[in-house]
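Here the structure comes first, spelled out in structure tokens, and everything after it is commentary.
The values are calculated or read from the model by the stated rules, or taken from the named source; none is laboratory data. Being a predicted model, the structure only gives us computed values, none of them experimental. So basically every Cβ, Gly included, is an ideal-geometry build from the backbone, and we count neighbours across all protein chains shown.
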Amino acid sequence: MSRRSKRTPTIVAVAERPPELSVAPPDPDSETAWMADGNCRLHPPSTFFPSDGVGVDRARKICKGCPVGELCLEYALENRIEHGVWGGCSERERRRILKRRRDAVELSVSTSA
């Protein structure tokens, strides 16, 4: 009779980031160097691309109080990033912000003419 060896499978947490990503020095010449200071750097990217409202709330909590939150939001708005939570705002919220900005520009142009 042969006995199968019972080995304990190695479990790797999917949500863990490789340590080198958490400590990699930012490229100061990059337009996204600010990302190295974000709260998000300690979480897997999938956290910020949720499929439901609960996931959006979870991402917002991480973004709350982030030292680069405003830069993050502006980056997403300027680059028209359509997916994910950026600067604590969902896709829908960013669309609303862009619409308000367009409306404000149109109003200022029409009143100055």
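Summary table
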{"item": "One residue from Ser51, Ser22, Ser2 being modelled with pLDDT under 95, of a type in the set (S, T, N, Q) and not in a loop (DSSP other than H, G, I, E, B)", "result": "Ser22"}
{"item": "Some residue of the stretch 5-16 being in a loop (DSSP other than H, G, I, E, B), more than 23 Å from Cys89 (Cα to Cα) and either small (Gly, Ala, Ser) or at pLDDT 95 or above (or both)", "result": "yes"}
{"item": "Any pair with Cβ under 8 angstrom, 6 or more apart, that starts in the stretch 87-99 at a residue that is on the phi > 0 side of the Ramachandran plot and ends at one that is assigned to a helix (DSSP H, G or I) and not hydrophobic (A, V, I, L, M, F, W, C)", "result": "Gly87/Gly69; Gly87/Glu70; Gly87/Glu74; Gly87/Tyr75; Gly88/Arg60; Gly88/Gly69"}
{"item": "Qualifying residue in the stretch 31-49 (condition: within 23 Å of Lys99 (Cα to Cα) and in contact (Cβ under 8 Å) with a residue 24 or more places away in the chain)", "result": "yes"}
{"item": "Lone qualifier among Asp27, Asp57 - being closer than 29 Å to Glu82 by Cβ, over 12 Å from the mean Cα position of the chain (by Cα) and modelled with pLDDT of 95 or more", "result": "Asp57"}
